[in-house]
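Working notes, structure below.
The values are calculated or read from the model by the stated rules, or taken from the named source; none is laboratory data. Fair warning: this is a prediction, and the values are worked out from it, not measured in the lab. Neighbour counts run over all protein chains shown; Cβ positions are idealised from the backbone, glycine included. Ligands, DNA and RNA are excluded from the accessible area calculation, which covers all protein heavy atoms including side chains. Shrake-Rupley method; radii C 1.70, N 1.55, O 1.52, S 1.80 Å.
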Amino acid sequence: MQLGGKARSLEGDRVRLRRHEPGNYGLYAGWYGDPEIWHLTSWAAAPLGRSAVKRLFEERELSTTDDSFAIHVEGEEEPVGVISLMNLSEANSSADLSVIVGHPEDRNQGFGAEAIEMILRYAFDDLGLNRVGLSVFDFNDTAISTYERLGFEHEGRLRRAVKRADGFHDALLMSVLSEEWQR
């Protein structure tokens, strides 16, 4: 079903992607404020506070260049993560992928990987995109191997682009193209 040109929800085998509900913003604030999630995923200088997360998701819901979903395990009301296509460019038929799985016990269960497969299918088949890219920090081995397994190719490196307590790290640029995904 479409809502303003965007899918209301996407169905997978174990995972369902649904539009965000404001009642979940507090849960998201816990995730985006988690030092471990910040360390692995965020370009921000520090974990985000509750009001910044609320504002982020309110803006995503109104944005014409972001398409964001909550990741739900089938049969569960509380989401386990967030997945988004950001910087959607109609002119270039491209977008950037962002994904987090919130609670440690929900990670490494395949929920994020299934959500990525679903949003790539949506990006290429429904939205007609040509390219979906992402950046991942060089120390996030689990994410890198998942992206590689899902067909993302390495295409560049931003040297010493992100600062953490132990120093500077590279950000790896990866992408998958429509014709690669279709294969």
* Per residue accessible area of the range 53-183, 1.4 Å probe, in Å² -> 51 Å²
* Asked: Could you give the nm distance between label points at Asp125 and Asn24, where each point is 7 Å from its Cα heading toward the beta carbon?
  -> 2.1 nm
* Structure fact -> Length gained if Arg50 through Ala165 is fully extended, taking 0.36 nm per residue and subtracting the Cα-Cα distance, is 39.1 nm
* Asked: Looking at the P(r) of the range 71-140, how many percent of alpha-carbon pairs lie beyond 20 Å?
  -> 34 percent
* Viscosity 0.692 mPa s, 37 °C: Kirkwood-radius Stokes-Einstein D of the range 17-88 over Cα pairs, µm²/s -> 259 µm²/s
* Quick one: how many Å² of Arg16 are accessible to a 1.4 Å probe, rounded to 10? -> 70 Å²
* FRET efficiency for Asp141 and Arg14, using Cβ-Cβ distance with R0 set to 25 Å, rounded to 0.05 -> 0.60
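Return one quarter of the surface area of the convex hull spanned by the alpha-carbon atoms of the chain, equal to its mean projected area, in nm².
Averaged projected hull area, Cα only: 10.3 nm².
So between Asn87 and His103, what do we pick up on full extension, going 0.36 nm a residue minus the alpha carbon distance?
Result for the pair: 3.1 nm of gain on full extension.
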* Lys/Arg Cβ at +1, Asp/Glu Cβ at -1, dipole of the range 2-111 taken about the Cα centre: which of Leu48, Leu97, Pro35 is farthest positive-ward? -> Leu48
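Name the shape class, rounded, prolate or oblate, that the alpha-carbon gyration tensor gives for the range 99-160, where a ≥ b ≥ c are the square roots of its eigenvalues, rounded holds for a/c under 1.5, and otherwise prolate holds if a/b is larger than b/c and oblate otherwise. Show your work: numbers first, answer last.
Details: a/c = 2.21, a/b = 1.09, b/c = 2.03.
The shape class here is oblate.
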* About its Cα centre, what dipole magnitude does the chain give when the only charges are +1 on Lys and Arg Cβ and -1 on Asp and Glu Cβ, stated in debye to the nearest 20? -> 520 debye
* If Lys163, Lys54 are ordered by their accessible area, calculated over protein heavy atoms with a 1.4 Å probe, which sequence runs from highest to lowest? -> Lys163, Lys54
* So what is the relative contact order of the range 96-183, in percent, for Cα pairs below 8 Å that sit 6 or more residues apart? -> 29 percent
* To do: Using a 1.4 Å probe and ignoring any ligands, DNA or RNA, find the accessible area of His154 and quote it in Å² to the nearest 10.
  => 100 Å²
* Structure fact -> FRET efficiency (Glu76, Arg157; Cβ distance; R0 30 Å; to 0.05) is 0.20
